[in-house]
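Novice: Below: one structure in structure tokens.
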Amino acid sequence: MAVLCKPAIDVPEHVITNEETIELARRLHPDHPQLELALRLIKNTGVRKRHLIQPIEVVLKHPGWDERSAVFAAESKARVPAVVIRALEQAQVEASQIDLIVYVSCTGFMMPSLTAWLINRLGFRPETRQLPIAQLGCAGGGAAVNRAHDFCSAYPGANVLIVACEFCSLCYQPTDLGVGSLLSNGLFGDGIAAAVVRGEGGTGMRLERNGSYLIPDTEEWISYAVRPTGFHFQLDKRVPGTMEPLSPALRAVAEQHQWDVGTLDFYIVHAGGPRILDDLSRFLEVPPEAFRFSRATLTQYGNIASAVVLDALARMFDEESALDGHQGLLAGFGPGITAEMSLGTWASPES
């Protein structure tokens, strides 16, 4: 069966703290009628710091969509290869052994996809298949794992590379002054993650079942308005409450596998905000500590979109708490409102 190996993670060098974000909001929007509400929401995110590909003073200038697209392409090419190489090393596979690259990003656009550039530069075979995923937002990381699992099921022994590249700071829009936009300015960070799903061997999460679920009639709750100035992130105030309708879907996919979602050994979920984790704890009836990896990602990096689940998984690897046979759940949540869910058992080469 396919095994999701240890992800490699990288965050950029420029850092902004929660305190600096709040002070910046006060300076930029002193007369905003709902400033205090926005600041209170930012304080309650649990984010201590975020990493950016550019200094905050450069981000705030917003030179326009054309230049930001050029920055996205240049920074992707400069930063992704080292993460990919590390992910291959951690999985103990060569670039020439990869059969599919799944590339996820919802914060920039390139055509051809970065997958073509990677194949040409890093030693992947010309026959390597490409699957770019752009419009699932934060759920993209979970979707990438699921599509890799599907591919390995269809082609036993195949290997898949997953790459998530999210530069959320390039979506900053200085004219968007709704409370949801101001909250987003204090929540999202930049980050890159990569991981290999091995068709044979490997240490990590042995993928056994996956599923998707879309909450009906919620497609407008998380969205982009695409304008000449770029992507304008739109967030409905009802989004933090979505774990109540999504929890039964998580429970159902576990029951299909004859597992109890409330008694699993590990949980790797998208950390869109602290309420999501708090509500999952309540609705799934698991202790808050079960989501410590996701919460650590949120605290140290903010919401890094599709890369969150891979970063949280890397943290579990580092803790070395998973044992052979431990059962777990990986799930990403994003626009739609969509959940992408995976079930798996921890495995080492000897198991």
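Novice: From the list A87, A70, A134, pick out the single residue that is more than 19 Å from S212 (Cβ to Cβ) and surrounded by fewer than 19 Cβ atoms within 10 Å (Cβ to Cβ). Spell out how you get there, then give the answer.
Specialist: Details: A87 fails: surrounded by fewer than 19 Cβ atoms within 10 Å (Cβ to Cβ); A134 fails: more than 19 Å from S212 (Cβ to Cβ).
Unique residue meeting the criteria: A70.
Novice: Please enumerate the residues belonging to the stretch 64-80 that are more than 16 Å from S113 (Cβ to Cβ) and β-branched (V, I, T).
Specialist: Matches in the stretch 64-80: V71 only.
Novice: Just the residues that are without any contact (Cβ under 8 Å) to a residue 24 or more places away in the chain and either within 22 Å of the chain's Cα centre (by Cα) or in a helix (DSSP H, G or I) (or both), please, taken from the stretch 116-130.
Specialist: A116, I119, N120, listed by residue number.
Novice: OK, next. I'm trying to understand the selection: among the residues of the stretch 105-124, which are of a type in the set (A, V, I, L, M), closer than 19 Å to W65 by Cβ and out of contact with any Phe, Trp or Tyr (no Cβ under 6 Å at 6 or more places or on another chain)? Full working, then the answer.
Specialist: Of the stretch 105-124, the ones of a type in the set (A, V, I, L, M) are 110-111, 114, 116, 118-119, 122.
Still in the running and closer than 19 Å to W65 by Cβ: 110-111, 114.
Of everything in the stretch 105-124, those that are of a type in the set (A, V, I, L, M), closer than 19 Å to W65 by Cβ and out of contact with any Phe, Trp or Tyr (no Cβ under 6 Å at 6 or more places or on another chain) turn out to be M110, M111.
Novice: Which numbered condition trips up G178, out of (1) buried (at least 22 other Cβ atoms within 10 Å of the Cβ); (2) under 25 Å from I16 (Cβ atoms)?
Specialist: (1)
Novice: Taking the stretch 223-243 only, how many residues are in a strand (DSSP E or B) and under 21 Å from G140 (Cβ atoms)?
Specialist: 10
Novice: Please specify each residue of the stretch 224-240 satisfying the condition of being surrounded by fewer than 18 Cβ atoms within 10 Å (Cβ to Cβ) and either touching a Lys or Arg at 6+ places or on another chain (Cβ under 8 Å) or outside the structural domain of A312 (by TED's automatic domain parsing) (or both).
Specialist: We begin by selecting, within the stretch 224-240, every residue surrounded by fewer than 18 Cβ atoms within 10 Å (Cβ to Cβ); these are 224-229, 232, 234, 236-238, 240.
Of everything in the stretch 224-240, just one residue is surrounded by fewer than 18 Cβ atoms within 10 Å (Cβ to Cβ) and either touching a Lys or Arg at 6+ places or on another chain (Cβ under 8 Å) or outside the structural domain of A312 (by TED's automatic domain parsing) (or both), namely P240.
The values are calculated or read from the model by the stated rules, or taken from the named source; none is laboratory data. It should be emphasised that the depicted structure is a prediction, and the values quoted were computed from it without experimental measurement. No Cβ is skipped: glycine too gets one built from the backbone with ideal geometry, and neighbour counts run over all protein chains shown.
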